[in-house]
Amino acid sequence: MIKTAFYDTKNYDRPSFERYGQQHDVQFRFLETKLNEDTVELANGCDAVCVFVNDTVNAKVIDRLYEMGVRLIALRSAGYNNVDVRAAFGKLHVVHVPAYSPYAVAEHAMALLLTSVRRIHKAYNRTRDFNFSLNGLTGFDLHGKTVGVVGTGRIGRIFIDICRGFGMRVIAYDHFPAKDSGIEYVELQELFGRSDVISLHCPLTDETRHMINDEAVERMKKGVVIINTSRGGLIDTEALLNGIRARKIGAACLDVYEEEADIFFEDRSGHILNDEALSRLISMPNVIVTSHQAFLTEEALSNIAEMTVANIRSCFDNDGICDNELCYRCGNVERCKKERRQRCF
């Protein structure tokens with residue numbers, strides 16, 4: 001039996017993880033609290049921890065986990081910017097779920113775009129008050145517009161396919177372009193200048209943090225729509241607010257926010273929101289904010305649980321090789337071990 005402390009548990013997490021855990025002899029200790037330096041002791045006696053995007057897995061947390069005998073950090077997400085992979089090397093193995101339901105995220109991105117440009121959210125609120133006026137609800141066709149997609153992994157490419165179905169012109173930027181994909185790749189600055197819609201589908205790294213900043217906004221078309229279903233830190237919130245106030249950015253569709261850790265996934269309806277920037281964003285009529293829910297489909301939840309349990313099981317079985325391990329050994333975090341076909345340490 002592999003004992004695993006499961007942090008930041010939500011009601012929708014438990015059914016799938018309980019089912020796959022029982023099938024593969026992985027026992028979960030479900031904890032509602034997030035993992036951080038104050039809660040790390042709750043993992044005492046466990047072999048692994050299972051964490052999500054807003055858990056804090058820094059060097060101090062990793063050292064304490066290691067001291068307690070924990071040997072694996074299992075992310076139930078694709079992103080890993082909240083884990084100090086470098087500090088974990090040589091102590092704890094780190095695994096993630098690189099693809100659970102790319103359709104869920106890509107479809108949510110398109111849902112946000114359609115809601116925004118056709119003013120569906122405004123119409124919904126009006127008709128609930130029996131207001132059937134069409135004033136102020138004029139949108140625009142997606143057909144013929146240029147969409148710039150930043151990041152062409154599985155989610156980005158599926159989003160591209162959806163956009164093509166609407167008759168949109170697609171350009172893209174990726175540090176590692178997909179070969180033989182038929183995608184028109186351009187430099188990032190050109191993408192900013194040509195796009196009517198910009199959708200972010202790339203990981204958050206030191207290089208991509210605040211890729212949408214004041215300089216980037218200045219290069220964009222007047223009225224551009226920005227979609228972010230990836231990581232909040234890709235956008236400098238103040239630059240976004242400045243662009244909206246200057247009428248340069250026509251609309252923003254955000255499923256993530258750079259300071260979301262202590263806000264998203266919780267019911268804050270009975271409290272005063274202390275985050276002024278987020279309050280300003282939510283108050284703007286051309287901004288749609290959802291609470292990091294792009295992944296939240298029945299199919300995705302099942303796939304996440306199945307893959308996470310498989311990752312845990314493979315790290316403790318036989319040779320311990322897991323294709324989804326994140327390794328700092330040679331700096332190529334996601335590809336290193338796949339190329340060497342052996343454990344990183």
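The values are calculated or read from the model by the stated rules, or taken from the named source; none is laboratory data. Being a predicted model, the structure only gives us computed values, none of them experimental. Don't worry about glycine lacking a Cβ; one is built from the backbone with ideal geometry, like all the others, and counts go over all protein chains shown. Each accessible area value is taken on the protein alone, full model and side chains, heavy atoms only, with ligands, DNA and RNA left out. Shrake-Rupley method; radii C 1.70, N 1.55, O 1.52, S 1.80 Å.
If you filter the range 56-86 down to residues that are modelled with pLDDT of 95 or more and of a type in the set (Gly, Ala, Ser), you find that the one that is least open to solvent (accessible area, probe 1.4 Å) is ALA74. Against the numbered list (1) buried (at least 16 other Cβ atoms within 10 Å of the Cβ); (2) free of Cβ contacts under 8 Å to residues at least 40 places away in the same chain, ARG231 comes up short only at (2). A single member of LEU191, LEU204 is open to solvent by less than 50 Å² (accessible area, probe 1.4 Å) and over 13 Å from LEU234 (Cβ atoms), and it is LEU191. Every listed requirement among (1) buried (at least 20 other Cβ atoms within 10 Å of the Cβ); (2) over 17 Å from HIS201 (Cβ atoms) is met by GLY148 save one, (2). Could you check the range 97-117 and list, in sequence order, the residues that are surrounded by fewer than 22 Cβ atoms within 10 Å (Cβ to Cβ), at pLDDT 95 or above and farther than 13 Å from THR229 by Cα? Correct list: LEU114, THR115, VAL117. Could you list, in sequence order, the residues of the range 146-167 that are under 20 Å from GLU187 (Cβ atoms) and in a loop (DSSP other than H, G, I, E, B)? Within the range 146-167, GLY151, THR152, GLY153 meet the criteria. Candidates ARG231, ARG219: the one that is in contact with a helix residue (DSSP H, G or I) (Cβ under 6 Å, 6 or more places away or on another chain) and charged (D, E, K, R) is ARG219.
Scan the range 21-37 for residues that are more than 25 Å from the chain's Cα centre (by Cα) and open to solvent by 10 Å² or more (accessible area, probe 1.4 Å) and the total you get is 5.
Consider the range 238-250. How many of its residues are open to solvent by 10 Å² or more (accessible area, probe 1.4 Å) and either of a type in the set (A, V, I, L, M, F, W, C) or in contact (Cβ under 8 Å) with a residue 12 or more places away in the chain (or both)? Break it down into steps so the answer makes sense when it comes.
Taking the range 238-250 and keeping what is open to solvent by 10 Å² or more (accessible area, probe 1.4 Å), we get 238, 242, 244-248, 250.
When the remaining residues are screened for being either of a type in the set (A, V, I, L, M, F, W, C) or in contact (Cβ under 8 Å) with a residue 12 or more places away in the chain (or both), the result is 238, 242, 244, 246-248, 250.
Qualifying residue count for the region: 7.
Would a scan of the range 276-294 turn up a residue that is open to solvent by 40 Å² or more (accessible area, probe 1.4 Å), more than 21 Å from GLU107 (Cα to Cα), under 13 Å from the mean Cα position of the chain (by Cα) and not aromatic (Phe, Trp, Tyr)? No, there is no match, as no residue in the range 276-294 is open to solvent by 40 Å² or more (accessible area, probe 1.4 Å), more than 21 Å from GLU107 (Cα to Cα), under 13 Å from the mean Cα position of the chain (by Cα) and not aromatic (Phe, Trp, Tyr). Take the residues in the range 43-53 that are within 17 Å of ARG76 (Cβ to Cβ) and not acidic (Asp, Glu), then tell me which one is surrounded by the most Cβ atoms within 10 Å (Cβ to Cβ). It comes out as CYS50.
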